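> Below is the structure I would like to discuss, written out as structure tokens.
The values are calculated or read from the model by the stated rules, or taken from the named source; none is laboratory data. Nothing here was measured: the structure is a model prediction, and the numbers come from that model. Here the Cβ positions follow ideal geometry from the backbone for every residue, glycine too, while neighbour counts run over all protein chains shown.
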Amino acid sequence: MLYICATPIGNLKDISLRALELLNSCDIILCEDTRNSQKLFNHHQIKYQKLVAFHEHNEQEISHKVIEWLNAGMNIVQITDAGTPGVSDPGARLCNLVRKYNLPVSPIPGACAYITLLSVSGINAPSVFYGFLPHKSSHRKNKLIELSKLSMVICIYESPHRIVDSLLDIRDVFGTDTNIVMGRELTKQFETIKHMPIDELIDFITNDINQQKGEFVLLIIPSIKEVTTSTISPQQLELLNLLLAELPPKKAASITAKFLSGDKNLLYTYAIGLRNIVR
């Protein structure tokens, strides 16, 4: 069996009992950086049998060895430096290859930066995960333009040396009335979580060099004005507003979409904006 195992994104205690059990008992552990993973092993006194580096430079070679090891009856656990493999981390290609050979893959769930930030954001709206944006500003803006058409809360990851430039591009594409939930160094000693208009967040980060360090998760909240002017008809808005007087946003959006052929997700995004859940 190949196990895809989540590890902590910061606090080393954020790991499941099942993950610890497997890491101690499996035949082989695949990891991105053996030095980084060793900190986790030392903290939990994990006595692994064999540790193999698995990253973008040796992915093809090791993936085919994994097939040999699985066919030999071995149990293999794949981990990344932090979080869940396959979620903006190595893992998807190996899973596809293993399934191609009709060999079993099983998830060991755990920490994920996207879900971690979403859980404390106060957002009760449809969201979509994108991950890391392109490095170049022109490519990044093109991707943001595509994402802006979704009219949903969008999650991206960003690195410290691009955080300010990315926020400026987000403002250019989504507008100055966009709100952002930022998570920096989640579950670590200097964890920072902010929910504010994008201009305020840019000022907050640029005026404090310490806020430009670490790993970032951003939730981009589309403005309600953008949603209404581009995608929701006056008739839909009228019915939705009437229903919201008596019904919760999800039910009101569903009924409006059913009777006036609207997009349920867009109507719901607008409805919760009216209820000041997202602002």
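> Here are some residues: Ile170, Ile209. Which one is more than 20 Å from Tyr114 (Cα to Cα), β-branched (Val, Ile, Thr) and in the same structural domain as Ile145 (by TED's automatic domain parsing)?
On inspection, the qualifying residue turns out to be Ile209.
> Report the residue count in the stretch 1-36 for those that are assigned to a helix (DSSP H, G or I), modelled with pLDDT of 95 or more and out of contact with any Phe, Trp or Tyr (no Cβ under 8 Å at 6 or more places or on another chain).
Of the residues in that region, 6 qualify.
> Mind checking which residues of the stretch 67-82 are part of a loop (DSSP other than H, G, I, E, B) and β-branched (Val, Ile, Thr)?
Within the stretch 67-82, Ile79, Thr80 qualify.
> Within 26 Å of Asp14 (Cα to Cα), in the same structural domain as Ile29 (by TED's automatic domain parsing), hydroxyl-bearing (Ser, Thr, Tyr) and loosely packed, with under 14 Cβ neighbours inside 10 Å: is that true of Ser106 in this structure?
yes
> Only helices (runs of 4 or more DSSP H) wholly contained in the stretch 141-246 count here; list those with 3 or more residues that are at pLDDT below 95.
The helices (runs of 4 or more DSSP H) meeting that bar are 224-231, 234-244.
> Same structure again: I want to confirm something. Restricting to the stretch 2-43 and keeping residues that are over 26 Å from the mean Cα position of the chain (by Cα) and surrounded by 14 or more Cβ atoms within 10 Å (Cβ to Cβ), which single residue is farthest from Cys95 (Cα to Cα)?
Residue satisfying both the conditions and the ranking: Asn24.
> So which of Leu167, Leu144 ends up being of a type outside the set (Ser, Thr, Tyr), crowded, with 17+ Cβ neighbours inside 10 Å and out of contact with any Asp or Glu (no Cβ under 7 Å at 6 or more places or on another chain)?
Sole residue among the options that is of a type outside the set (Ser, Thr, Tyr), crowded, with 17+ Cβ neighbours inside 10 Å and out of contact with any Asp or Glu (no Cβ under 7 Å at 6 or more places or on another chain): Leu167.
> Quick one: would you say Val87 is at pLDDT 95 or above, surrounded by 16 or more Cβ atoms within 10 Å (Cβ to Cβ) and β-branched (Val, Ile, Thr)?
No.
> Follow-up. Please count how many residues of the stretch 83-136 are closer than 22 Å to Gly73 by Cβ, aliphatic (A, V, I, L, M), touching a residue at least 40 places away in the same chain (Cβ under 8 Å) and not in a strand (DSSP E or B).
The number of residues fulfilling the criteria is 3.
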